[in-house]
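Submitted below is the structure of interest, expressed as structure tokens.
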Amino acid sequence: MSKAAITGIHGYVPDYVLTNAELERMVDTSDEWITTRTGIKERHILKGEGMGSSHMGAKAVAGLLEKLNIRPAEVDLLICATTTPDYVFPCTANLICDMVGIRNVGSFDIQAACSGFLYALTIGTQFIETGKYKKVVVVGADKMSAITDYTDRTTCVLFGDGAGAVMLEPNDEGVGILDSIIKSDGIGQNHLFQKAGGSRYPPTHETVEKRWHYVYQDGPAVFKFAVKNMADVSAEIMERNQLSGNDVAWLVPHQANKRIIDATANRMGIEPDKVMMNIHKYGNTTAATIPLCLFDYESKLKKGDNLVLAAFGGGFTWGAAYVKWAY
Ligand SMILES: CC(C)(COP(=O)(O)OP(=O)(O)OC[C@H]1O[C@@H](n2cnc3c(N)ncnc32)[C@H](O)[C@@H]1OP(=O)(O)O)[C@@H](O)C(=O)NCCC(=O)NCCS
């Protein structure tokens, strides 16, 4: 059976940079608090009327196709992980396909909050491994600024906007996505969520007044679950693939908080210089953090490098993947 290999990666962040200094002028916070508690210095924000996650996803996908010299007509399937779809329907994957000229193929969204990219990658992998498709695009795109309450200092410092996309193709050289684990537990539903806008609480004047269309997070509760579950699932994937910390070239963690990343790396026995980190530049871009990390570190990666991808998000959802880098 062929493995699904990542054969290319591309990322996109919008131009506008929201710095800690600007946030200091918006809410009662400080660069010192944000930096020491989260590791974030700045994040990128998508500005402009009528601009959604698809606009960033399409930039990432168009860049990916150009880089790989692959025509839109060659793509067999596109999966988009997002928590901030442009519309309730049609799905953001449809819109991205339209923008980049991919037609007459399947496309759908995956909603697994900050673990969305790992979920989508796992799903895309199945279509390659079964031999059904030869070119699957997996994109993570989130415009978190659309659901962030910029009067709430406990959440507005955390999030940013961005997108990243990978191409999956079959490979028979023993490299590619060799294993993955995805998990969820609804116990987390009240700790991290956007209450209104879905079918349970459709938009009304009341939902708007109560600010229910924004992210709500019980930070300390989420922090505890994130540290434990991201470390546990990373340890699990290492154990079942007989990997020690020394065997791992790179940990590619979801970027929600530098302290969560440090704790995960520590538990896995991975030195800090082998941990991909770009949270200082982008904050938490939800489904885009992992592909944006791979994009930023692409030039440092070598064929055969062992990567462990690990994520945690609302739901709760979490997961890990063991990837042998293919180029
Ligand atoms: C959100 C988070 C950074 C908060 O850090 P924390 O160390 O847990 O801080 P706490 O929430 O306990 O707050 C500590 C104090 O700082 C204050 N505070 C919160 N946000 C602040 C801000 N932006 N600026 C200044 N002070 C702030 C709190 O009000 C609290 O004050 P108090 O002690 O007077 O009540 C942290 O909990 C976190 O990262 N949680 C998980 C995030 C995550 O992974 N989310 C997504 C999963 S994908």
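The values are calculated or read from the model by the stated rules, or taken from the named source; none is laboratory data. Every value quoted in this text rests on a predicted model; they were computed, and no experiment measured them. Backbone-built Cβ (ideal geometry, glycine too); neighbour counts: all protein chains shown. Calculation scope for accessible area: heavy atoms of the full protein, side chains included, ligands and nucleic acids excluded. Shrake-Rupley method; radii C 1.70, N 1.55, O 1.52, S 1.80 Å.
Please list, by residue number, every one of the trypsin sites (Lys or Arg not before Pro) in the range 1-59 that is coil in DSSP and has at most 13 other beta-carbon atoms within 10 Å. Write out the running numbers ahead of the final one.
Working: sites: LYS3, ARG25, ARG37, LYS41, ARG43, LYS47, LYS59; in loops: LYS41, LYS47.
Filter output for the range 1-59: LYS47.
Also: Can you give me the long-range amide H partners of GLY39? Hydrogens built in the peptide plane at 1.01 Å from N, cutoff under 5 Å, separation of 5 or more residues or another chain.
Amide H to amide H, under 5 Å and 5 or more residues apart or across chains, GLY39 pairs with LYS258.
How would TYR133, TYR16, TYR87 line up by accessible area, probe 1.4 Å, largest first?
Most to least solvent-accessible, the answer reads TYR87, TYR16, TYR133.
Work through the residues other than PRO90 whose Cβ is under 13 Å from its Cβ and net out their charges, Lys, Arg +1 and Asp, Glu -1.
Around PRO90, the charge tally is -3.
May I pose another question? With the full set of protein chains in place, find how many percent of the accessible area of the chain is carbon and sulfur; take the probe as 1.4 Å.
Numbers: 7160 of 14020 Å².
With neighbouring chains kept in place, the figure for the chain is 51 percent.
Something else about it: With every protein chain kept in place and ligands, DNA and RNA left out, what is the accessible area per residue of the chain? Probe 1.4 Å, answer in Å².
43
I need the calculated FRET efficiency for the pair THR207 and THR154, taking r as the beta carbon distance and R₀ as 25 Å, to the nearest 0.05.
Between THR207 and THR154 the formula returns 0.80.
Using θ = phi - 60° and the Karplus curve 6.51 cos²θ - 1.76 cosθ + 1.60, what whole-Hz ³J(HN,Hα) does each residue of the range 280-294 get, with Gly and Pro shown as x?
4, 8, 10, x, 8, 9, 6, 6, 9, 4, 5, x, 5, 5, 4
What length, rounded to one decimal in nm, is gained on full extension from ILE187 through to LYS228, with 0.36 nm per residue of separation minus their alpha-carbon distance?
Difference between extended and current length: 13.3 nm.
Now, a different point. Add +1 for every Lys or Arg and -1 for every Asp or Glu among the other residues with Cβ under 12 Å from the Cβ of ARG259, and state the total.
Residues close to ARG259 contribute a combined charge of +2.
Sticking with this structure for a sec: Check which residues have an amide H placed less than 5 Å from PHE159's amide H, if you skip close sequence neighbours.
ASN284
In addition: Given 0.36 nm per residue, what is the gain on full extension from ASN266 to ALA221 after removing their alpha carbon distance, in nm? Could the numbers behind the result be given before it?
Numbers: separation 45, 0.36 × 45 = 16.20 nm, distance 2.05 nm.
Going from the current span to full extension adds 14.2 nm.
Where does the charge balance sit around LYS303 when Lys and Arg score +1, Asp and Glu -1, over other residues with C-beta under 11 Å from its C-beta?
Result for the neighbourhood of LYS303: 0.
Next up: From largest accessible area down, sort ASP142, ASP152, ASP15; use a 1.4 Å probe on the protein chains.
Sorted by accessible area, descending: ASP15, ASP152, ASP142.
What percent do you get for the relative contact order of the chain when only Cα pairs under 8 Å and 6+ apart count?
On the way: 812 pairs, mean separation 84.4, N = 327.
Contact order relative to length: 26 percent.
Got the relative contact order for the range 178-325 handy, in percent, Cα pairs under 8 Å and 6 or more residues apart?
This gives 35 percent for the range 178-325.
Taking the range 178-325, how many lysine pairs are there with alpha carbons less than 20 Å apart, if each pair must be eight or more places apart or span two chains?
Total qualifying Lys-Lys pairs in the range 178-325 comes to 15.
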